[in-house]
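K.L.:
I'd like to ask some things about the structure below.
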Amino acid sequence: MKTFIELHIIRRTDLDGRSALAINPLYSLNGKTAEAWLLHLFSQEITEAGEDPNLD
């Protein structure tokens, strides 16, 4: 888990008052569109990668 967090593949977050793990949409979408809150959570990593997971 620590390695995945360091590689920005997952991130710990608070979701509706509960602790949760979120997967970076650059690694998990498989052609699906990400929800806005998930894109916002990983916005820095997406910008650094120069990718938009919602573009085909």
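The values are calculated or read from the model by the stated rules, or taken from the named source; none is laboratory data. Note that the structure is a prediction, hence the values are computed from the model and not measured. With ideal geometry, Cβ positions are generated from the backbone for all residues, glycine too; neighbour counts draw on all protein chains shown. All accessible areas refer to the heavy atoms of the entire protein, side chains included, with ligands and DNA or RNA removed. Shrake-Rupley method; radii C 1.70, N 1.55, O 1.52, S 1.80 Å.
K.L.:
Within segment 11-31, does at least one residue satisfy the condition of being modelled with pLDDT under 85 and touching a Leu at 6+ places or on another chain (Cβ under 6 Å)?
P.N.:
yes
Conditions tested, residue by residue: (1) out of contact with any His (no Cβ under 9 Å at 6 or more places or on another chain); (2) assigned to a helix (DSSP H, G or I); (3) without any contact (Cβ under 8 Å) to a residue 12 or more places away in the chain.
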site: Thr3; (1), (2), (3): yes, yes, yes
site: Asp14; (1), (2), (3): yes, no, yes
site: Leu26; (1), (2), (3): no, yes, no
site: Asn30; (1), (2), (3): yes, no, yes
site: His40; (1), (2), (3): yes, yes, yes
site: Gln44; (1), (2), (3): no, yes, yes
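K.L.:
Since Leu21 meets every condition but one in (1) touching a helix residue (DSSP H, G or I) at 6+ places or on another chain (Cβ under 7 Å); (2) aliphatic (A, V, I, L, M); (3) not in a helix (DSSP H, G or I), which condition does it not meet?
P.N.:
(1)
K.L.:
If you don't mind, another one. So for segment 26-41 (the condition being of a type in the set (Ser, Thr, Tyr), surrounded by 10 or more Cβ atoms within 10 Å (Cβ to Cβ) and touching a helix residue (DSSP H, G or I) at 6+ places or on another chain (Cβ under 8 Å)), does at least one residue qualify?
P.N.:
Of segment 26-41, the ones of a type in the set (Ser, Thr, Tyr) are 27-28, 33.
When the remaining residues are screened for being surrounded by 10 or more Cβ atoms within 10 Å (Cβ to Cβ), the result is 27-28, 33.
Narrowing further to those that are touching a helix residue (DSSP H, G or I) at 6+ places or on another chain (Cβ under 8 Å): none.
So far as segment 26-41 goes, no, none of its residues is of a type in the set (Ser, Thr, Tyr), surrounded by 10 or more Cβ atoms within 10 Å (Cβ to Cβ) and touching a helix residue (DSSP H, G or I) at 6+ places or on another chain (Cβ under 8 Å).
K.L.:
For segment 11-25, which residues satisfy the criterion of being open to solvent by less than 100 Å² (accessible area, probe 1.4 Å) and not charged (D, E, K, R)? Before the answer, list the steps.
P.N.:
Start the filter on segment 11-25 by keeping residues that are open to solvent by less than 100 Å² (accessible area, probe 1.4 Å), which leaves 11, 13, 15, 17, 20-25.
Answer for segment 11-25, where residues must be open to solvent by less than 100 Å² (accessible area, probe 1.4 Å) and not charged (D, E, K, R): Thr13, Leu15, Gly17, Ala20, Leu21, Ala22, Ile23, Asn24, Pro25.
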